[in-house]
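A quick write-up on the structure given underneath.
The values are calculated or read from the model by the stated rules, or taken from the named source; none is laboratory data. Being a predicted model, the structure only gives us computed values, none of them experimental. Neighbour counts run over all protein chains shown; Cβ positions are idealised from the backbone, glycine included.
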Amino acid sequence: MKLSEALAVLERSFSGLEEGAPRLVEAEDDRFALRPSAVWLEYRWYVRAGGMAEVFLKSERVRAGVRFHAEATVLRVHLLGASSELSERAAQLLVGGRPAPERLMGLFGDDGVRREVVAFGRTSVTVEHWDTPGPRPVLAEARFRALAERLADPASTPEERHEAVQRLADERSPRVVEVLLELLSRQSSLMALRVLSEWGEERSRAPLLRALDAVRPDNPADLWTLTALVRRLDAWTHVKR
């Protein structure tokens, strides 16, 4: 599927919906021209009462002027919150594709996210349901304390903190939010910023902007990632919960 075709399908599926933040199109922003990659990236954020559809596109990294004729390799939708309309809109992207679960093998592991994936030639189209209905799991008290202490330990490694944030995020509760915000008050953590932006936690905006301001101009990869997280947080402000 050419990028122009993927964009046409996307526009049809989400026609008429509000976008909660400006689109982030790598090929149209000189700040990302030097990011070492074989693909161009793009993000969009469609919002509706109760939820958000975060759209992520990858296409072959050709000259910007002809990129619409290049192959779109990935079209992925992250469904955040609970909006039946957004789920229905996203499902339209899957119609006519060949079921291709093999394209997910080894990519994500057992992260609890429900995924539907189809292929249109070389293009993978995936809908990810990031919020599952029903009660959230609660960590055992001893486990919670151990993970929180690991984040508070100045001797812990970045890898240990990354894993601790991931394990804490399984619970998604006010006490986890407070622990992650406390971590960010001491030092930056990309994983904690990812989690809190996914949950729409507005109090993470200040540490997120600090991290963005600290990015060096010769680090376009982190600049891209953090800019996308800021816009995701912006989009949450347009979601009526």
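What to note about this one:
- Residue match in segment 67-82 (condition: farther than 24 Å from A221 by Cα and touching a Pro at 6+ places or on another chain (Cβ under 8 Å)): yes
- Selection of segment 22-51 for residues being over 14 Å from the mean Cα position of the chain (by Cα) and in a loop (DSSP other than H, G, I, E, B) yields P22, D29, A33, L34, R35, P36, S37, A38, A49, G50.
- Residue, farthest from the chain's Cα centre (by Cα), within segment 52-100, restricted to residues that are more than 15 Å from R122 (Cβ to Cβ), free of Cβ contacts under 8 Å to residues at least 24 places away in the same chain and part of a loop (DSSP other than H, G, I, E, B): R63
- Just one of the listed residues (R76, R67) is at pLDDT below 95 and within 23 Å of K2 (Cβ to Cβ), namely R67.
- Filter result (part of a helix (DSSP H, G or I) and under 14 Å from T225 (Cα atoms)) within segment 181-195: L190, M191, A192, L193, R194, V195
- Extreme residue, nearest to L80 (Cα to Cα), among residues of segment 185-241 that are of a type in the set (S, T, N, Q) and in contact (Cβ under 8 Å) with a residue 40 or more places away in the chain: T237
- Taking the numbered list (1) more than 18 Å from the chain's Cα centre (by Cα); (2) in contact (Cβ under 8 Å) with a residue 40 or more places away in the chain in turn, V125 passes all entries but (1).
- Restricting segment 121-171 to residues that are in a strand (DSSP E or B) and in contact with a Lys or Arg (Cβ under 8 Å, 6 or more places away or on another chain) leaves a set whose member that is nearest to L7 (Cα to Cα) is V125.
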